[in-house]
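**Q** Supplied in structure tokens, the structure appears directly below.
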Amino acid sequence: MNLYSILEQGFPKNPEACALETPEGLYYSWRDIDRATAMIANLLKSLKLKPGSRIAVQVEKSPEALFLYLATLRAGYVYLPLNTAYQAAEIQYFIENAEPAVVICSSKNFSWISKIAFKADTEHVFTLDENRKGSLLERAAVHSDRFKTVDKKEDDLAAILYTSGTTGRSKGAMLTHRNLSSNAQVLKDFWGWKKGDVLLHALPIFHVHGLFVAAHGALLNGSKMIWLPRLDTSQLIRYLPQSTVMMGVPTFYVRLLLDPDFNREVCKNMRLFVSGSAPLLTETFNSFEKVSGHTILERYGMSETVMLVSNPYKGKRIGGSVGQVLPGVQVRVVSDQGKLCGTNEIGNIEVRGPNVFKGYWRMPEKTAEEFTADGWFKTGDVGRWGGETSAGKVPSNYICIVGRSKDLIISGGYNVYPKEIESFIDDMNGVEESAVIGIPHPDFGEAVLAVVVPKPGAKLDSKQMIDSLKSRIANFKVPKRIEIIPSLPRNAMGKVQKNILRQQFT
Ligand code: MLC
Ligand code: AMP
């Protein structure tokens, strides 16, 4: 098997039909996908890489970036997508940890990324830009446009997605061909994908949501995608009348609601709006229903498990609940003492099934820590079956997420681990210690805020600190605000009381 071959089974009979359309007026057919992915796969094959080689990619979103992902699958290698916001220190860590055989980056970053890559023994560095330029496509152009997709075992790796750890450095979640194909097949039925669907795609393609959930769904259904480079509400409003499905993080829906041109008429052709990656406020859920006439379908997933829970397509979608367990997946809610929780009892969410990843790249101990002795993956999310939301009573087969046991901030759908930011701040001159917290933010859901204690006699300038962080870490991780205070509140055990800081600074 190969995930690509499974997706390909869904491609439409007419290879000349439109598969991708871009706002610049470019149209790609299904035949174009087949030919372009074959040429890139032939290029990768010509490099005579070792089986299981990682192909690390940090490029802007473009149709060719999607083809590169699909070509990597076809050639049987492991795709490693990297957020375009990552800076040198972050990229260096990923490249040193994953040891990719090939790195593909934007031309503008070639000089520094290639230095990091060659130092880490990467054999090949190519470039790929948004405008169909770069050495990857130049080199692929001389290769044949036919390629026999490499046969893989179900358990072979298809992708590695780095997800930050609560302590220590990021961990690479290893996802297999089976993890991704089983999830795509389940969602195809669960969300009622049908002939004639058109997906409006404005998510980034270096995470589960945009790459696997959204793109796999359309590919497996043979549906055209309107391929937008990023979220731009006026472009969404321009293309919604031609679309039937859209997927986004909650910020997508918050911003659509603020746009005076967004209304029922624009959504007339739409069949389904999906939200995930971060909590959707019931207020947004309700307002969206009022303004658009559509009930957002919220679902819950993560890099290690792809999708595990979803509100139903046909049944009742409940604001404030992430829905029911997907077919083939098992979920349990367990108390800290290890007892199964009943309805309305809060506990830790654990999951088992064909969607659950193989482990963290080269971190067997971390992998073991995150699984229970009987093989369930600990999500780090806290929730309950049923109970009540502001929308009313929730049936006992629906899950509500109420918090996280992991110290994690989700800002605009991106994860930020306070520990990582605190360590950057603590290294700065004049800083005694810091605490990073998430506070409610109207656009991003949560915003990163740092509370910093100066060393005795030191004078700190929060603007300068923010500017310095911007040059060192991905922009979405940079605190929106830094508050300087004389000391951090601590409990009797000496632990920083972040809840008190949250109350104080919200
Ligand atoms: C951008 N900025 C952010 C940010 N995105 N700040 C906090 N959180 C974010 N998410 C900052 C930039 O640094 C910049 O700051 C300013 O906001 C404007 O940047 P921008 O690039 O113009 O932002 P914009 O294009 O508007 O992007 C916002 C966004 C984007 C929400 C559309 O972040 C996005 O597409 N998020 C989706 C994330 C996603 O796909 N998550 C899925 C993970 S998978 P300055 O200071 O430079 O001006 C997963 C599993 C699952 O979680 O269940 O799906
Ligand atoms: P990531 O590691 O980027 O894949 O993020 C996964 C995390 O996002 C999950 O563990 C949850 O904490 C969070 N998440 C995903 N979907 C939802 C949702 N619908 N509601 C609340 N949190 C969510």
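Every read-out reported here was derived from the displayed coordinates using simple, explicitly stated rules and does not represent laboratory data. None of the values given here were measured: they were computed from a predicted structure. As a convention, Cβ positions derive from the backbone with ideal geometry for all residues, glycine included, and neighbour counts pool all protein chains shown.
**Q** Which net charge results for the neighbourhood of residue 197, defined as the other residues with beta-carbon distances under 9 angstrom from its beta-carbon, given Lys and Arg at +1 and Asp and Glu at -1?
**A** Local net charge: +4.
**Q** Which order do the peptides 211-223, 19-31 take when ranked by the mean count of other beta-carbon atoms within 10 Å per residue, highest first?
**A** 211-223, 19-31
**Q** I'd like the projected area of the chain, averaged over all directions, using the convex hull of its alpha carbons. Report it in nm² with one decimal.
**A** The orientation-averaged projected area of the Cα hull of the chain comes to 24.0 nm².
**Q** Counting other Cβ atoms within 10 Å of each Cβ, which GluC sites (Glu not before Pro) in the range 65-159 have at most 16 and sit in a DSSP loop?
**A** 123, 154
**Q** If you look for lysine pairs in the range 451-506 that are eight or more places apart or on different chains, how many of them have Cα atoms under 19 Å apart?
**A** Taking the Cα cut-off of 19 Å, the pair count is 6.
**Q** Within straight cross-link reach of residue 153, meaning Cα distance under 21 Å, which lysines are found once same-chain residues fewer than 8 apart are removed?
**A** Filter leaves 45, 48, 50, 358.
**Q** So what is the relative contact order for the range 159-248, in percent, with contacts set as C-alpha pairs under 8 Å and at least six apart?
**A** Once divided by the residue count of the range 159-248, the mean separation gives 29 percent.
**Q** How long, wide and thick is the range 328-383, going by the Cα atoms along their three principal axes, in whole angstroms, largest first?
**A** Extents along the principal axes: 38, 25, 18 Å.
**Q** When only DSSP loop residues count, what trypsin sites (Lys or Arg not before Pro) in the range 79-137 have their Cβ near at most 11 other Cβ atoms within 10 Å?
**A** Counting only loop positions with at most 11 other Cβ atoms within 10 Å, the trypsin sites (Lys or Arg not before Pro) in the range 79-137 are 132.
**Q** While we're on this one: Among the aspartates and glutamates, which have Cα under 16 Å from the Cα of residue 133 when same-chain residues fewer than 8 positions away are ignored?
**A** In chain and number order, the partners are 24, 60, 64.
**Q** Rounded to the nearest 0.05, what FRET efficiency is calculated for residue 491 and residue 313 with R0 set to 60 Å and r the Cβ-Cβ distance?
**A** For R0 = 60 Å, the calculated efficiency reads 0.85.
**Q** Leaving out same-chain residues fewer than 8 places away, which aspartates and glutamates sit with a Cα under 15 Å from that of residue 339?
**A** 350, 374
**Q** Go through 250-260, 395-405 and give me the packing order, highest mean Cβ count within 10 Å leading.
**A** Peptide ranking by packing, descending: 250-260, 395-405.
**Q** Express in whole angstrom the spacing between the alpha-carbon centres of the range 3-36 and the range 395-458.
**A** Rounded to whole Å, the Cα centres lie 41 Å apart.
**Q** Here's another thing I want to ask about it. For the pair residue 289/residue 145, report the inter-label distance in nm, with labels modelled 7 Å from Cα in the Cβ direction.
**A** If labels sit at residue 289 and residue 145, their model points lie 4.9 nm apart.
**Q** For the range 1-143, what is the charge dipole size about the Cα centre, in debye to the nearest 20, if Lys and Arg each add +1 at the Cβ and Asp and Glu each add -1 at the Cβ?
**A** Computed about the Cα centre, the dipole is about 380 debye.
**Q** When a/c is below 1.5 the answer is rounded, else prolate if a/b is larger than b/c, else oblate, so apply that to the range 438-487 with a ≥ b ≥ c taken from the square roots of the Cα gyration tensor eigenvalues.
**A** It comes out oblate by the Cα gyration axes.
**Q** At 4 °C and 1.567 mPa s, grab the translational diffusion coefficient of the range 409-505 from Stokes-Einstein with a Kirkwood Rh over Cα pairs, rounded to a whole number in µm² per second.
**A** This corresponds to a translational diffusion coefficient of 95 µm²/s.
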